[in-house]
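**Q** Please read through the structure below; I'll follow up with questions.
Nothing in this text is a laboratory measurement; each read-out follows from the coordinates by a stated rule. Source: prediction; values computed, not measured. FYI the Cβ positions are ideal-geometry reconstructions off the backbone, even for glycines, and counts take in every protein chain you see.
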2 protein chains.
Amino acid sequence: MRQENLRAHNLALVLSVVASAPLPPSRADVATATGLTRATVSALVDDLIGGRLIEEVGPAPRAGAGRPAAGLVISACGPGGLGLEVNVDYLAACVVDLTGAVRHRAVRGGDQRALPAAEVLTGMATLAAEARAAAHAEGLALAGAALAVPGLVTPSGVVRLAPNLGWRDVDVPAALSGALGLPVGVDNEANLAALASPAGVASYVYVSGEIGIGAGIVLHGELFRGARGWSGELGHVCVRPDGPPCRCGARGCLEQYAGQEALLRTAGVASVAELAAAVAGGAAGAAVALATAGEALGVAIAGMINLLDVDTVVLGGIYAPLAPWLVPAVEAEVRVRVLTAGWAPVTVRASALGSAAAVVGAAGSVVRGVRDDPARWLQRPAAVR
Amino acid sequence: MRQENLRAHNLALVLSVVASAPLPPSRADVATATGLTRATVSALVDDLIGGRLIEEVGPAPRAGAGRPAAGLVISACGPGGLGLEVNVDYLAACVVDLTGAVRHRAVRGGDQRALPAAEVLTGMATLAAEARAAAHAEGLALAGAALAVPGLVTPSGVVRLAPNLGWRDVDVPAALSGALGLPVGVDNEANLAALASPAGVASYVYVSGEIGIGAGIVLHGELFRGARGWSGELGHVCVRPDGPPCRCGARGCLEQYAGQEALLRTAGVASVAELAAAVAGGAAGAAVALATAGEALGVAIAGMINLLDVDTVVLGGIYAPLAPWLVPAVEAEVRVRVLTAGWAPVTVRASALGSAAAVVGAAGSVVRGVRDDPARWLQRPAAVR
DNA sequence: GTTAATTTGTTTACTGCTTGAATTATTTGC
DNA sequence: GCAAATAATTCAAGCAGTAAACAAATTAAC
């Protein structure tokens with residue numbers, strides 16, 4: 001750790017205090033919150049304002065005597081983040097600003113399995129370019145882009161395997177970064193969707209139901225990726241050791257009970273929308289299928305909570321629209337099977353973002369990178385900003 | 001973060017490089033490893049040598065020209081840590097030095113359930129005083145003490161509940177800290193035992209088999225305690241949703257297949273030692289019992305690895321002596337059920353420390369505290385050292 | 001055997017960051 | 001209008017790390 005890291009760390013510290021304060025804090029408030037002196041905070045704040053990361057707002061009316069404080073807020077016209085998503089039947093893009101607000105969104109439907117990876121990425125690049133133009137029109141300078149894919153991704157951004165897209169060893173950053181003129185990160189959609197569901201909780205798990213079932217594990221506010229980056233494979237947690245064989249080679253994986261294919265097959269319907277309509281209309285088969293899936297999901301989730309002691313579970317992907325029927329079954333299993341459930345309540349709820357969670361989370365991960373290391377943003381040449 | 005934190009951080013950085021180097025590194029080696037300059041490293045090393053945290057060793061013979069380097073090693077006569085353990089049928093104490101070497105160990109048998117908590121702690125205090133005298137005789141100054149207990153502990157060190165000891169709301173630090181003249185920390189035995197099994201791996205899980213089954217989860221070198229401190233309840237992960245009822249109220253928990261009681265009952269023996277002797281002697285019933293337990297343990301551990309992506313599992317407690325028969329069964333399940341097992345190998349092995357893991361881990365947690373923040377040790381008055 | 005080369009470790013002048021006190025600015029209350 | 005109070009800035013000082021020169025101790029070469 002060197003001296004410049006000290007300053008970088010303190011810039012991030014000030015920014016995080018401003019971001020998490022309920023009301024716009026003054027420089028003096030930030031100083032007491034961080035333990036730094038007012039002189040230091042002033043210097044740091046000047047740097048952050050110079051880089052358009054925070055802004056002063058008019059003095060809030062306050063009781064008592066004294067010079068009024070200038071409130072500080074995260075700037076809504078500083079750097080933004082570009083989120084991208086490739087999924088089986090659509091492409092999506094969105095732009096968020098530093099406050100986390102979504103400023104632009106676009107979705108383009110179409111089956112991507114029929115196309116080779118290079119062609120899909122070309123389509124993605126045009127959608128991204130439109131989003132970049134929209135961001136520019138809003139006065140946002142993009143700090144980078146992140147792509148969500150349903151598959152295993154290496155730390156360098158290569159998609160090692162995305163079975164449902166038919167991708168194998170696709171070097172996404174090489175294909176997109178040059179075309180966009182932005183650094184492009186790539187991550188699993190469950191991981192990125194998890195980051196989009198903060199809800200003010202520090203530790204939670206986002207369960208992503210798609211063809212496969214993934215879990216994005218957030219511990220102490222940080223995504224937990226595991227020793228090698230392959231954590232959260234909830235879909236292959238065992239529900240019944242001698243259950244039906246899974247395409248992974250094992251038997252009785254959760255995916256065989258609560259994966260999209262198993263769910264639709266058991267219910268005898270063709271799509272998730274159809275399933276939701278059927279169960280809402282009182283179809284017995286659909287209700288049974290959802291009860292079975294909810295129970296299996298509950299068993300796997302209860303085991304996860306026993307191990308990780310998280311207090312919140314967010315159901316996303318196809319589970320979000322089906323939540324009214326799934327949540328009670330999951331909660332019932334959790335209540336019985338989690339050892340500490342009696343005195344440490346667990347909340348199970350649906351993702352509020354629905355299918356947009358992954359794109360929004362991807363864009364959010366970019367601005368999160370700026371907020372975690374503002375110094376890197378500040379020291380880039382002004383021409384880029 | 002202030003300036004003195006910068007120095008404190010760099011002191012810890014230098015100390016950790018010296019600790020983890022395979023051979024005693026020179027100041028120049030430390031400089032290249034840390035990215036600091038040789039001048040800065042020299043100044044930091046002088047501070048650390050002055051505080052007896054590291055020592056110079058004679059120049060190692062080296063090829064090539066140049067002034068010979070003075071090797072640096074963690075000092076074996078600097079601060080030490082006192083580890084204590086209260087368990088159902090014994091009290092234990094041990095002293096480790098800053099290198100992690102055990103310098104003193106004492107165990108006093110005796111059923112602790114018959115005695116009130118205050119009396120047990122008085123016995124613990126005398127054993128601890130003897131250990132402190134032994135540490136003094138070896139030239140070690142104790143930096144603190146840590147007590148391992150089989151129960152739930154609050155962050156402040158109060159034992160909220162230890163069912164097998166019959167303890168409830170026992171304020172251990174208040175009882176021991178004054179008598180010993182040392183700060184006393186308290187933690188669950190599985191957590192502390194987990195810390196005693198480093199093996200040079202950053203992320204691993206220590207599975208503690210006792211009456212219950214616990215797991216100490218170490219991620220990125222740090223113990224993961226969960227949102228509320230109750231992580232690692234592996235014993236109540238579900239193996240078969242409709243299995244035998246468990247005392248926790250659920251069905252088919254791992255404890256019902258691989259807990260000590262289930263294991264001994266299935267094998268038809270009275271103790272773990274007897275079980276090990278039976279299976280070594282070729283008894284079929286014992287072998288079947290161990291195979292069943294190993295399979296169930298494997299299913300639960302595979303699920304855990306799917307979620308956490310750790311690459312090493314350490315079996316401790318009663319599983320350590322039974323490891324030759326359990327490890328193959330666990331490995332077989334892991335191979336089949338962990339999605340990434342094909343390209344990311346998982347190691348399953350027995351704890352080398354056996355029943356001493358918790359005391360040694362407790363003592364280790366104290367010296368770990370010194371190594372993680374050497375500045376605090378350096379700035380305490382010399383009289384205490 | 002003397003000298004050059006090489007690597008280690010220390011000294012010295014310097015830059016950058018935070019600090020603390022003094023100063024200025026802007027309001028409320030009397 | 002004036003004192004009290006609070007916010008923000010300015011400026012000299014101190015401390016940590018840096019870079020480059022220097023001293024020390026050894027090997028290799030002639």
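**Q** In angstroms, what radius of gyration and Dmax does chain A have, counting Cα atoms only?
**A** When restricted to the Cα atoms of chain A, Rg and Dmax are 22.7, 74 Å.
**Q** Run through the range A:274-361 and list the chymotrypsin sites (Phe, Trp or Tyr not before Pro) located in a DSSP loop whose Cβ has at most 13 other Cβ atoms within 10 Å. Can you show the working numbers first?
**A** On the way: sites: A:Tyr319, A:Trp325, A:Trp343; in loops: A:Trp343.
Within the range A:274-361, the qualifying chymotrypsin sites (Phe, Trp or Tyr not before Pro) (loop, at most 13 other Cβ atoms within 10 Å) are A:Trp343.
**Q** At 222 nm, what value in deg cm²/dmol follows for chain A if DSSP H runs of at least 4 each add -39500 (n - 2.57) and the sum is divided by all its residues, to the nearest 500? Please report the intermediate quantities before stating the final value.
**A** Numbers: 13 runs with 162 residues, N = 385.
Calculated mean residue ellipticity at 222 nm is -13000 deg cm²/dmol.
**Q** Just in the range A:154-234: which trypsin sites (Lys or Arg not before Pro) are loop by DSSP and have at most 15 other Cβ atoms within 10 Å? Mind showing how you got there, number by number?
**A** On the way: sites: A:Arg160, A:Arg168, A:Arg225, A:Arg228; in loops: A:Arg225, A:Arg228.
Loop-located and lightly packed - A:Arg228.
**Q** What is the fewest-to-most order of B:His9, A:His136, B:His104 by other Cβ atoms lying within 10 Å of their Cβ?
**A** On the way: B:His9 17, A:His136 13, B:His104 22.
In increasing order of surrounding Cβ atoms, one gets A:His136, B:His9, B:His104.
**Q** Please give the contour-minus-distance gain from A:Asp169 to A:Ala332: 0.36 nm per residue of separation, less the Cα-Cα distance, rounded to one decimal in nm. Could you put the intermediate results ahead of the total?
**A** Working: separation 163, 0.36 × 163 = 58.68 nm, distance 4.11 nm.
Contour length minus the Cα-Cα distance gives 54.6 nm.
**Q** For the Cα atoms of chain A, what angle does the longest principal axis make with the long axis of helix A:38-50, in degrees from 0 to 90, nearest 10?
**A** 70
**Q** Can I ask one more? If I model the range A:202-317 as equal point scatterers sitting on the Cα atoms and use the Debye formula, what is log10 I(q)/I(0) at q = 0.22 Å⁻¹?
**A** For the range A:202-317, the Cα-only Debye profile gives -1.22.
**Q** Expressed as an acute angle from 0 to 90° and rounded to the nearest 10, what is the orientation of the C-alpha long axis of helix B:3-20 relative to the principal long axis of chain B?
**A** The angle comes out at about 70 degrees.
**Q** Follow-up question, since we're still on this one. Which whole-number value in Å³ per residue fits the convex hull of the alpha carbons of the protein assembly as shown? Let's see the in-between values first.
**A** On the way: hull volume 160.9 nm³, N = 770.
Roughly 209 Å³ of hull volume per residue.
**Q** To continue, here is another question. Please compute, over every Cα-Cα pair in the range A:245-384, the percentage with a separation greater than 28 angstrom.
**A** Values: 3271 of 9730 pairs.
Pairs farther apart than 28 Å: 34 percent.
**Q** Got the relative contact order for the range A:8-74 handy, in percent, Cα pairs under 8 Å and 6 or more residues apart?
**A** Values: 80 pairs, mean separation 24.8, N = 67.
Once divided by the residue count of the range A:8-74, the mean separation gives 37 percent.
**Q** What FRET efficiency comes out for the pair B:Leu115/A:Arg228, r = Cβ-Cβ distance, R0 = 60 Å, nearest 0.05? If you can, show how the numbers build up before the last one.
**A** Details: r = 48 Å, r/R0 = 0.79.
So, using R0 = 60 Å, E works out to roughly 0.80.
**Q** Okay, which of the range B:199-231 sit inside 18 Å, backbone N to the point 7 Å along the Cα-Cβ direction of A:Thr347?
**A** B:227-229
**Q** How far apart, in nanometres, would the label points at B:Arg247 and B:Arg108 be if each is projected 7 angstrom from Cα along the Cα-to-Cβ direction?
**A** 2.8
**Q** Moving to a separate point now. Applying a 10 Å radius around every beta-carbon, put B:300-313, A:249-262 in order of their mean neighbour count, most first.
**A** B:300-313, A:249-262
**Q** While we're looking at this one, here's another question. Can you list residues from other chains, or at least 5 along the same chain, whose modelled amide H is less than 5 Å from the amide H of A:Gly243?
**A** Counting only residues 5 or more places away or on other chains, the set is A:Gly252.
**Q** Which value, in nm² and rounded to one decimal, describes the direction-averaged projected area of the C-alpha convex hull of the range B:128-285? Present the calculation step by step, with values, prior to reporting the outcome.
**A** On the way: hull surface 52.0 nm².
Over all viewing directions, the range B:128-285 projects a mean Cα-hull area of 13.0 nm².
**Q** Rounded to the nearest 0.05, what FRET efficiency is calculated for B:Arg2 and B:Asp46 with R0 set to 25 Å and r the Cβ-Cβ distance?
**A** Given R0 = 25 Å and the Cβ-Cβ separation, E is 0.70.
**Q** Still on this structure, please answer the following. If you place +1 on the Cβ of every Lys and Arg, -1 on the Cβ of every Asp and Glu, and leave all else neutral, what size is the dipole of the range A:227-320 about its Cα centre, to the nearest 20 Debye?
**A** Values: 5 positive and 8 negative charges, 50 e Å.
Its charge dipole is roughly 240 debye.
**Q** Which FRET efficiency, nearest 0.05, do B:Tyr90 and B:Arg62 yield, Cβ-Cβ r, R0 35 Å?
**A** Efficiency, from the Cβ-Cβ distance: 0.10.
**Q** Here is a further query. With the radius of gyration and the Kirkwood radius both derived from the Cα set of the range B:97-181, what is their ratio Rg to Rh?
**A** Numbers: Rg = 13.8 Å, Rh = 14.1 Å.
When Rh is taken as the Kirkwood radius, the ratio is 0.98.
**Q** Please build a GNM for chain A, connecting alpha carbons under 10 Å apart, and tell me which residue among A:Leu115, A:Leu82, A:Leu53 fluctuates the most.
**A** Residue with maximal mean-square fluctuation among A:Leu115, A:Leu82, A:Leu53: A:Leu115.
**Q** Here's another thing I want to ask about it. Spin-label point model (7 Å from Cα, Cβ direction): what's the B:Ile211 to B:Thr37 distance in nm?
**A** Here the answer is 6.2 nm between the modelled labels.
**Q** What are the nm distances, shortest first, from B:Ala332 to its equivalents in the other copies, labels at 7 Å along Cα→Cβ?
**A** 3.6
**Q** How many Cβ atoms of partner chains, on average, are near each residue of A:210-220 if near means within 10 Å of its Cβ?
**A** Values: counts 0, 0, 1, 0, 0, 2, 0, 3, 0, 5, 2.
That works out to 1 on average.
**Q** Right, something else. Can you give the angle from 0 to 90° between the axis of helix A:319-337 and the longest principal axis of chain A, with both taken from C-alpha atoms, to the nearest 10?
**A** For helix A:319-337, the angle is close to 80 degrees.
**Q** Under a point spin-label approximation (7 Å from Cα along Cα-to-Cβ), what is the A:Glu274-B:Arg376 distance to one decimal in nm?
**A** 6.2
**Q** Taking amide H positions as placed 1.01 Å from N in the peptide plane, with prolines and chain starts having none, which residues 5 or more places from B:Thr312, or on another chain, fall under 5 Å of its amide H?
**A** Under 5 Å from the amide H of B:Thr312 lie the amide H atoms of B:Val205, B:Thr347, each far enough along the sequence or on another chain.
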